[in-house]
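Coordinate-derived values only; no laboratory data. Keep in mind that this is a model prediction, so the values were computed, not measured. When we count neighbours, we look across all protein chains shown, and the Cβ atoms used for this are built from the backbone with ideal geometry, even at glycine.
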Amino acid sequence: MGRAAIVLLSGGLDSATTLAWARDQGFDCVALSFDYGQRHAAELAAAARVAAQLGAREHRTVTLDLGAFGGSALTDPAIDVPSAPTTGIPVTYVPARNTIFLAYALAWAEVLPARDVFIGVNAVDYSGYPDCRPEFIAAFERTANLGTRAGVEGDSFRIHAPLVQWSKAEIIRQGSALGVDYGQTVSCYQADAAGAACGACESCRLRAAGFADAGIPDPTRYRS
């Protein structure tokens with residue numbers, strides 16, 4: 001087995017590709033998902049399927065309540081998910097979500113032990129979330145090595161974001177080559193209980209455009 005690594009796994013297209021990529025690089029992957037008060041649980045069921053399909057050694061789901069703070073269409077049912085393009089950072093941004101998720105991954109990494117954490121953020125075909133940018137990933141890696149016993153004792157952490165500069169089409173092509181079954185993933189912000197997608201939210205639009213640009217049939221199930 002290779003070096004242990006934690007992969008943040010949402011159940012969506014990008015995180016599934018990240019898990020496949022990390023495994024292909026020889027890492028012994030454990031997957032970490034979050035039940036954080038999001039609109040639906042279909043993505044968590046997808047995460048479990050993806051973890052099994054791609055051979056994660058272990059898959060854990062941590063429960064926390066970001067809905068207690070609200071401020072996002074993904075955690076507050078009173079805020080509608082936009083069905084058309086908007087300007088600026090959209091209301092689907094969840095305040096500090098990736099900071100929180102990475103902090104949990106870092107805590108588990110110290111205990112395992114693992115010194116590599118993977119996250120499937122993308123700053124090319126994305127919604128403009130500030131915590132998906134390379135600058136954020138680099139800053140969190142510095143924080144990880146300043147604020148942990150392992151880091152200050154010289155056993156440094158690496159935060160990997162292999163997809164950060166890839167287009168959605170490139171992500172899909174790479175994942176397909178690595179054996180990702182995208183029919184098992186759920187990307188929609190407001191999927192139904194069975195995981196069928198709305199086809200209108202920004203995540204659905206980016207996903208559909210990615211498959212079209214990649215020239216690969218889109219396996220997404222849409223609500224009728």
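Worth pointing out:
- Helix 97-111 vs. the chain, principal-axis angle (Cα, 0 to 90°, nearest 10): 30 degrees
- On a per residue basis, the convex hull of the C-alpha atoms belonging to the chain measures out at 115 Å³.
- Net charge of neighbours whose Cβ lies under 13 Å from the Cβ of Gly179, counting Lys and Arg as +1 and Asp and Glu as -1: 0
- Candidates Ile119, Ile89, Ile172, ranked by Gaussian network fluctuation over the chain, Cα under 10 Å, top entry: Ile89
- Dividing the summed -39500 (n - 2.57) terms of all DSSP H runs of n ≥ 4 by the residue count of the chain sets its mean residue ellipticity at 222 nm at -11000 deg cm²/dmol.
- Most mobile of Leu64, Leu32, Leu19 in a GNM of the chain (Cα contacts under 10 Å): Leu64
- Angle in degrees between helix 134-146 and the longest Cα principal axis of the chain, rounded to the nearest 10: 30 degrees
- Helix 13-24 axis versus longest C-alpha principal axis of the chain: approximately 40°, rounded to the nearest ten.
- Sequence-distant residues sharing a close amide H with Phe118 (under 5 Å, placed H): Ile6, Val7, Leu8, His160
- Per-selection Rg to Rh, region 53-145 - Cα, Kirkwood hydrodynamic radius: 1.00
- The phi torsions of region 175-189, fed into the Karplus equation with coefficients 6.51, -1.76 and 1.60 and a -60° offset, translate into couplings of x, 4, 5, 8, x, 5, 8, 5, x, 8, 9, 10, 10, 4, 5 Hz, rounded to whole numbers, with Gly and Pro shown as x.
- Pair-distance distribution P(r) for region 149-189, from all Cα-Cα distances in 5 Å bins starting at 0: 5, 17, 16, 18, 12, 8, 9, 13, 2 percent.
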